[in-house]
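Notes follow the structure.
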Amino acid sequence: MTLLTQGFLKQLTELPGAPGDEGPVRDFLARTIRPLVDDLWVDHIGNLFALRRGTDLEPRRVAVLAHMDEVALFVTEIDDQGFLKVAASGGVNPRTLLGKVVQVGPEHLPGIILVPPDHFNRDPEVYRKVPEIDALVVDIGATDKENARARVKVGHRILFQTPFRLMGVDTTLHADAPLPIQGRISGKAFDDRLGCATLVALLEQAPYPFDLLAVFTTQEEVGLRGALVAGIKAQADAAFVLEGTVCDDLPGPPGEKRFPTTRLGNGPTLTQRDRSWIVHPPLLRHLLRTAQKHNIPYQFKHPNVGGTDASGFARYQGVPVAIVSTPCRYIHGPVSVADLSDFHNGIRLLSAAFADLPSLLAGETSPAALRDF
Ligand SMILES: [Zn+2]
């Protein structure tokens, strides 16, 4: 029996988890991992911690992070006709929003992001432009302002309503069946529920020689806030950040030559540096050697794209940190696509790397070992 069933990933990705409002995701994860860990607690910013003790006599402590929140919108105003004006919570791509189905507020009211009628404005200059987010409204079917205000308040979160789907050869979804090894999946919040699912799978394979401190963080999408708070107290000897990351291996204009950030199906992604952090060279070397030794495919993420909880968690303690991600097409929009072999190979890579991590922590993460990888 494995926890990594199709039903598990469906539930995990379909749950709403706006930044600062991660409760449903946290409750589900806490219920799922409670039997696997020795201790479980939540801090004031909502981070969920779980400790699984290691087998060494004097075990090191390794933190493994994944963020529970997803990009979202929130209500800023209700107009006289009962339409909701909105703002973004995190880096939402406005080009993906028009006409999308959303869920509004704690009652998950169905809503539609406005679709500009095409008879309305034929001026090509205006028509071809993507509206800014503050020009969009959400229709919840209200008849007027009072009718909308009876159900929605300013500040309520708005999340995408996207079903989880298997794509590829066998698309039948049996809730209790293990996730297929190959094929592709689509759904919302893959950034970073695929990281959360990876962390659950790693807890399921514990114990390791070190104490594993799982940290499911909050508010990553609005500035790595949960990870910053967690990193101050965690006292970890090393940390791994698990992410769903940008995958832009898409058809472009004819003749355009680009180097994609990552490619779907080329393996889990290792980061050397992104916009906010430079990965600890000995930890990156360890991941590389592990992948080569066990014949696990991997790819490097194109440098200087994006940022992760690594820079939040490590900022004040300087803990050695590495980042492993699953490439996801169309992240920060209503629906993403990921490759299951990338996802499974990420779990294989991390679990193999964890097995002989203590010897590395005993020597190679010393400041003297900080030469370029
Ligand atoms: Zn993320």
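The values are calculated or read from the model by the stated rules, or taken from the named source; none is laboratory data. Model, not experiment: these values are computed from the prediction. In this analysis, Cβ positions are derived from the backbone assuming ideal geometry, glycine residues included, and neighbour counts consider all displayed protein chains.
Per-structure values
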| quantity | calculated |
| --- | --- |
| Whichever residue in the stretch 289-310 is closer than 26 Å to Ala234 by Cα and touching a Phe, Trp or Tyr at 6+ places or on another chain (Cβ under 8 Å) and, among such residues, is nearest to the ligand (Cβ to nearest atom) | Thr308 |
| Some residue of the stretch 343-358 being in contact with a Lys or Arg (Cβ under 9 Å, 6 or more places away or on another chain) and at pLDDT below 95 | yes |
| Selection from the stretch 258-274 of residues that are charged (D, E, K, R) and more than 15 Å from the ligand (Cβ to nearest atom) | Arg258, Arg263, Arg273 |
| Test: residue in the stretch 81-88 that is outside the structural domain of Glu243 (by TED's automatic domain parsing) and within 16 Å of the ligand (Cβ to nearest atom) | yes |
| Check on Arg315, of a type in the set (Lys, Arg) and not in a helix (DSSP H, G or I) | yes |
| Residue within the stretch 63-73 that is part of a loop (DSSP other than H, G, I, E, B) and surrounded by fewer than 22 Cβ atoms within 10 Å (Cβ to Cβ) present | no |
| Answer residue from the stretch 311-330, given it is within 21 Å of Gly91 (Cβ to Cβ) and more than 13 Å from the chain's Cα centre (by Cα) and is farthest from the ligand (Cβ to nearest atom) among those | Arg315 |
| Members of the stretch 18-51 that are out of contact with any Ser or Thr (no Cβ under 9 Å at 6 or more places or on another chain), in a loop (DSSP other than H, G, I, E, B) and buried (at least 17 other Cβ atoms within 10 Å of the Cβ) | Val37 |
| Residue in the stretch 138-160 that is farthest from the chain's Cα centre (by Cα), counting only those that are loosely packed, with under 14 Cβ neighbours inside 10 Å and outside any loop (DSSP other than H, G, I, E, B) | Glu146 |
| 3 or more residues within 29 Å of His44 (Cβ to Cβ) and within 15 Å of the ligand (Cβ to nearest atom): qualifying strands (runs of 3 or more DSSP E) within the stretch 161-257 | 211-217, 238-247 |
| Selected residue [under 21 Å from Asp56 (Cα atoms) and of a type in the set (S, T, N, Q)] from Gln219, Gln182, Gln205, Gln161 | Gln205 |
| Residue that is without any contact (Cβ under 8 Å) to a residue 60 or more places away in the chain and more than 21 Å from Gly99 (Cα to Cα), where the choices are Arg151, Arg165 | Arg151 |
| Unique residue being under 23 Å from Thr5 (Cα atoms) and either out of contact with any Phe, Trp or Tyr (no Cβ under 7 Å at 6 or more places or on another chain) or of a type in the set (Gly, Ala, Ser) (or both) when the list is Gly226, Gly231, Gly252, Gly267 | Gly267 |
